[in-house]
Structures are given as C-alpha cells and as structure tokens.
1. Taking the conditions exactly as written (more than 21 Å from Gln15 (Cβ to Cβ) and outside any helix (DSSP H, G or I)), does Phe179 satisfy them or not?
2. Of the conditions (1) surrounded by 16 or more Cβ atoms within 10 Å (Cβ to Cβ); (2) at pLDDT 50 or above; (3) assigned to a loop (DSSP other than H, G, I, E, B), Phe308 fails just one. Which one is it?
3. Determine which member of the set Arg18, Arg25 is of a type in the set (D, E, K, R) and under 14 Å from Val91 (Cβ atoms).
4. Quick check on this structure: which one of Val73, Val91 is outside any helix (DSSP H, G or I), within 24 Å of Leu204 (Cβ to Cβ) and not assigned by TED's automatic domain parsing to the domain that holds Ser189?
5. Does region 149-157 contain any residue that is outside any loop (DSSP other than H, G, I, E, B) and either within 16 Å of Leu64 (Cα to Cα) or at pLDDT 90 or above (or both)?
Amino acid sequence: MSADYWSSSQRTKWQFNRQTLLDYRRKLLILERKMIHSGLIKDYPYVNYDWNMRIYLHNLIVKLGRRLNIRQVVLATAEVYLTRFLTKVSVKEVNVYLLVAACVYASCKIEECPQHIRLIVSEARSLWPEYIPHDTAKLAEFEFYLLEEMNLYLILHHPYRSLLQIQTFLKENYDTYAFVLTDDELQNSWSLISDSYITDLHLLYPPHIIAITVIYITIVLKKNSSSLKSNGNSVSIGADVNEKPQSGAIDSQNDPSAMEIEDLMTLSSSNPQEEPLAQTVSGATQLEVKSLSKIDRDTIRINKFMKFLNHSHINLDEVAESIQDMVNLYVVWNHYNENLVKKSLHRMLTNT
C-alpha cells in the first residue's frame, strides 16, 4: 500500500502513455479474433468496447451504487477496476453485468465499506435478473478473475482528493492568487471528475492533472460558453453529486448556465482570452451592459486562475489533452444510444 501516488502501483504499474495503451488494445483485438476463429467465443459485431459501451457500463455501476447507497469514491474505484480489466479481457468473453457487480464488490472492500456478497447479488439481480445468477459463488469466482487480471494492484488515488487539496491551497494562499472555487464550481468540478471515469484519463495521467482539467472546464470553458448564449436552452455536462452516486447524464432542462456541447467543441481549440469589452459595449442595452459586466468579472477570475496555473508548473500539454478527451466524451454522450448496447448484449448473453 502507498499513501503517495508517485510511488504507488497506480503510477508504476497501471499508468500508460497513449501509444502503449493503444498497443494493449490492438493486442486484445488480435487475441479476440483468434478466439473467434478457434471457436472459443462467438463473434457479435455490435458488441464492442466503444464509447457507447463505456457510457452504458458507467451507468450500470451508478445504478448498482444507488441501490447499495455507497459513496462516489467507491464507484470511482469500481470504474477504474473495470477499465483496467477490459484492457486485458475482451468484452465479448464475459458477462458484463457480473463484471460490474464484481468490480463494485471488490471496490467496497478496498475502500473500507464492505458489503455482504449476498446483498450485492440480491441488488444486482433486482436490476438485471436475466444476467445475474443466484449462486453467490459465481460472483466470488469472478472477483478472483478480476483481481488476477489486475495483478492484485488495487490501491487507487483519485482526483477528488486532488481537487480538495487544490481548493485548500487556494484558500491558504488567497493573498497571492485572490481566487478560490465557489461552492457551485466545486460541485460542478466534482461531477466532471465522476464523468471522467468513462474515459481513459485515469490510465494516462496523475490525479492532479484530471483535477486541474475539470477546474479549467468549469472556470474557463463555461464562462466562454455562457458569453455565446442567445437563449436559455443548454446542455448540461455533469450532474450534481454531493457524495451521492449520480449518472452525470446530460440534462438540457435544469441549468441555464450550463455548457453547449457545440460550444465546447469550438472553445476547446480557442484562446480563452476575450476581446476588450469596450469594443462590444457600444449600442448595448442596459441589460446587455450588466451582462457584459458579469463577463468582465468572469474574465478577471479566469486571469487569476491562469496565474495560479503559471505558478503551479503543471504539465499544460497533459491538461490540454485531458480537456479534449472530456470534450470528446460529451460530444459522443449527446448521441448515446442505450437501446443499441442493451439489445446487443442481450443477444450475446442469451445466445439469441
């Protein structure tokens, strides 16, 4: 066990660069084809570990977590276990519903909030009765399979802690940076971290990089996006968490200040600095002037945050790549087709 991320197995054994991770997945595809040709598994062309499948598995973990009333960090650990497992094992080889239950069962033990195996099986069966067997031994066997594929490297360091550490640092150094996250910004950043487990970020970057990424999206991209709005219709990224497991599903009705996915696509490659506000004020109504004053305040906050970033010596290239991954996630999530994934898995697991 390691209390320090830098000497932990998460960094030394389970952190990759993009090319290495791509090589792992190519080898897995080759192995999958060999198993199909030899008749060990059947080929189901619509069952793939793609973005749709990732979002679906994320939602499965969240649903089971809600039934068990377990903390968000436990679910985050389960999602990392699932992502690690599926770098070595084809999704066509396993019952993904049993895999989800095994990941949650193992993460509850590691995060010191153990749940009895019978309760896990009972709640999983209530959600997916067709795919979860009554026999608790099946879940126990799958847990051993899961732990073996991860080589028993189970201790994780999550960006949630990094986010809180950054907030504490900013409070303690307020005289220097004059910047702290508001409660709403902290909440939104926490929610974005929860969504980030759908991506490969936790196999690629340290926790503090992901924490800075979600703060940047919350502070910079959200501000730029809101300045482009002409109406209140928007697409929310991330859901409220408050240490309760949430799906982070996109909600277009509740948050008038939330980000448009199209805006994220545009702004992710643009400079967050605004043109001088004086150029845009002429001819504006009183309401527009008030709105521009708010934009000006937001711009000042962004500059303060960028000052902190400059002093932090954080790898900004890694932050930029992480931002792009998060943007890509929400673009795909906007076109997520749950029924397609569910039907494909049903055909595979029932052989129909």
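The values are calculated or read from the model by the stated rules, or taken from the named source; none is laboratory data. Everything numeric here is computed off the predicted structure, so don't read it as measured data. Note that we place each Cβ from the backbone using ideal geometry, even for glycine, and neighbour counts take in every protein chain shown.
1. Spelling it out, Phe179 is indeed more than 21 Å from Gln15 (Cβ to Cβ) and outside any helix (DSSP H, G or I).
2. All conditions are met except number (3).
3. Within the list Arg18, Arg25, the selection yields Arg25.
4. Of the residues listed, the single one that is outside any helix (DSSP H, G or I), within 24 Å of Leu204 (Cβ to Cβ) and not assigned by TED's automatic domain parsing to the domain that holds Ser189 is Val91.
5. Within region 149-157, not a single residue is outside any loop (DSSP other than H, G, I, E, B) and either within 16 Å of Leu64 (Cα to Cα) or at pLDDT 90 or above (or both).
Here's the yes/no breakdown for (1) surrounded by 12 or more Cβ atoms within 10 Å (Cβ to Cβ); (2) touching a Leu at 6+ places or on another chain (Cβ under 8 Å):
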{"position": "Arg11", "(1), (2)": "yes, no"}
{"position": "Asn17", "(1), (2)": "no, yes"}
{"position": "Leu21", "(1), (2)": "yes, yes"}
{"position": "Ile36", "(1), (2)": "yes, no"}
{"position": "Trp51", "(1), (2)": "yes, yes"}
{"position": "Ile55", "(1), (2)": "yes, no"}
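Rundown of residues vs (1) free of Cβ contacts under 8 Å to residues at least 60 places away in the same chain; (2) not aliphatic (A, V, I, L, M), yes/no style:
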{"position": "Gln19", "(1), (2)": "yes, yes"}
{"position": "Asp23", "(1), (2)": "yes, yes"}
{"position": "Glu32", "(1), (2)": "no, yes"}
{"position": "His37", "(1), (2)": "yes, yes"}
{"position": "Tyr46", "(1), (2)": "no, yes"}
{"position": "Asp50", "(1), (2)": "yes, yes"}
{"position": "Met53", "(1), (2)": "no, no"}
{"position": "Gly65", "(1), (2)": "no, yes"}
{"position": "Asn69", "(1), (2)": "yes, yes"}
